[in-house]
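First up is the structure itself, then whatever we jot down about it.
The values are calculated or read from the model by the stated rules, or taken from the named source; none is laboratory data. These numbers were taken from a predicted model, which means no experiment stands behind them. Glycine also receives a Cβ, built like all others from the backbone with ideal geometry; neighbour counts cover every protein chain displayed.
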Amino acid sequence: MATISKLTNPAVSSSSLKPRSSSSSLPKSLISLQTKTGFNSKVASSQLTLRNNHPLKASLVVKCSQSGGNGSSAKRTTLHDLYEQEGQSPWYDNLCRPVTDLLPLIASGVRGVTSNPAIFQKAISSSNAYNDQFRELVQSGKDIEAAYWELVIKDIQDACKLFESIYDETNGGDGYVSVEVSPRLADDTQGTVEAAKWLHKVVNRPNVYIKIPATAPCVPSIKEVISQGISVNVTLIFSLARYEEVIDAYLDGLEASGLSDLSRVTSVASFFVSRVDTLIDKMLEKIGTPEALDLRGKAAVAQAALAYQLYQKKFSGPRWDALVKKGAKKQRLLWASTSVKNPAYPDTLYVAPLIGPDTVSTMPDQALQAFVDHGAVSRTIDLNVSEAEGIYSALEKLGIDWNYVGTQLELEGVDSFKKSFDSLLDTLQEKANSLKLVSL
């Protein structure tokens, strides 16, 4: 069995450590809840114990291809149990052509799809399946960025069609496909609003989620877009404080909409998980004490568990009850970044401990395959709340500044998506230049 104390200690620059604030960074909404559930500084837990990964027995992976599809049949899996027994929706964090490759996954229990600039960068750059449409777009006079959006919109529309029956069966509760606004707009409040409105209009599907990053400039964008009746996937959430702002933006948007029927305006809040451990583990290794090293691999799940407590608190009470009377649906928590970055950690570390009702887990190939193969279905998200509080506080006492962690990861996330976006546009420009040479 792998233990935290036996993990290697890669070097970390001292810049990753910042002085901790004098008070806890827990949102005020959780402070009263913390005193009720008690404090437990002990961090050993069956839910967070690290163990060796299981060898995968089966494959459930979409392979981008030029034509045709996987063609594999599917049977009942743990993904069906996840939704039917525990109320968590399993989504797939990937999209490429042919989009019909999603059909076996849908049959296996996948209930939605998320995409981002990095996913499209990989899909379009590594496949010839986009060439014919791209050639037509270039020859018709489209510029490179306009051609990019045409390629993306077609994939999103085609995927929405595949999930339409799930959307209808759940009365708009599930079956969504997410498409993100340009990452270049992460600091542009009004630009993000206009981009979201445009994407919503051109995709023109009831089960599309427009992804908006949870940057400080875009939190007001979320309220504005929701108020206009557009469903939103809020992405790149890394801290409890920012998550509470996102919830408030959703509630404010619903209240400002003026709609008498709110049932078709929905949202998910994408709370990122594994990247939190990636950063905090480095900080803990820099500290180097036995207590610090023993906390590796535990920060992300602990913070996520507290996010679920915040979710339950915010979506209750008189304010929420008034919105429910107009048909409002809760903004579900969506666990994102669920793939395991550290091979010493169990391959379902960011899925298995985060199972709970009214949540979504979006999984890339690695995490999805692992959970289908050997994942256990049971409610785990609030099994050890006091322990999660203990871990969160123990990290603060060691000097881990949660606000710094959230800010740093947000900057890295935005920068990563911008680089993927720019890289893809460069690749498409090269393709366009080669097409022009061929036409000559």
Got at least one residue in region 256-266 being assigned to a helix (DSSP H, G or I) and over 14 Å from Ile226 (Cα atoms)? no
Quick one: count up the residues across region 284-303 that are in a helix (DSSP H, G or I) and surrounded by 24 or more Cβ atoms within 10 Å (Cβ to Cβ). 6
Condition broken by Pro357, with the remaining ones in (1) within 30 Å of Ser108 (Cα to Cα); (2) under 19 Å from the mean Cα position of the chain (by Cα); (3) of a type outside the set (Val, Ile, Thr); (4) in a helix (DSSP H, G or I) satisfied: (4)
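Restricting to region 97-120, count the residues that are assigned to a loop (DSSP other than H, G, I, E, B) and surrounded by 23 or more Cβ atoms within 10 Å (Cβ to Cβ).
So the answer is 6.
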Looking at Ala129, is it of a type in the set (A, V, I, L, M) and either over 29 Å from Asp373 (Cα atoms) or over 22 Å from the mean Cα position of the chain (by Cα) (or both)? yes
Going by what's in this entry, would Leu333 be described as modelled with pLDDT of 95 or more, outside any loop (DSSP other than H, G, I, E, B) and of a type in the set (A, V, I, L, M)? yes
So, in region 121-147, how many residues would count as being touching a residue at least 60 places away in the same chain (Cβ under 8 Å), assigned to a loop (DSSP other than H, G, I, E, B) and under 27 Å from Gly413 (Cβ atoms)? 2
Test Ala249 against the stated conditions and say whether it is touching a helix residue (DSSP H, G or I) at 6+ places or on another chain (Cβ under 8 Å), crowded, with 24+ Cβ neighbours inside 10 Å and within 28 Å of Gln190 (Cβ to Cβ). yes
Applying the selection to region 408-428, what residues are surrounded by fewer than 15 Cβ atoms within 10 Å (Cβ to Cβ) and over 19 Å from Val179 (Cα atoms)? Leu411, Asp426
Could you please tell me which pairs satisfy a Cβ distance under 9 Å, a separation of 6+ or placement on different chains, a first residue in region 79-106 that is modelled with pLDDT of 95 or more and acidic (Asp, Glu), and a second residue that is surrounded by fewer than 24 Cβ atoms within 10 Å (Cβ to Cβ) and in a helix (DSSP H, G or I)? Asp93/Ile119; Asp93/Asp365
Pick from region 380-432 the residues that are part of a loop (DSSP other than H, G, I, E, B), over 17 Å from the mean Cα position of the chain (by Cα) and closer than 15 Å to Gln309 by Cβ: which of them is modelled with the lowest pLDDT? Asn384
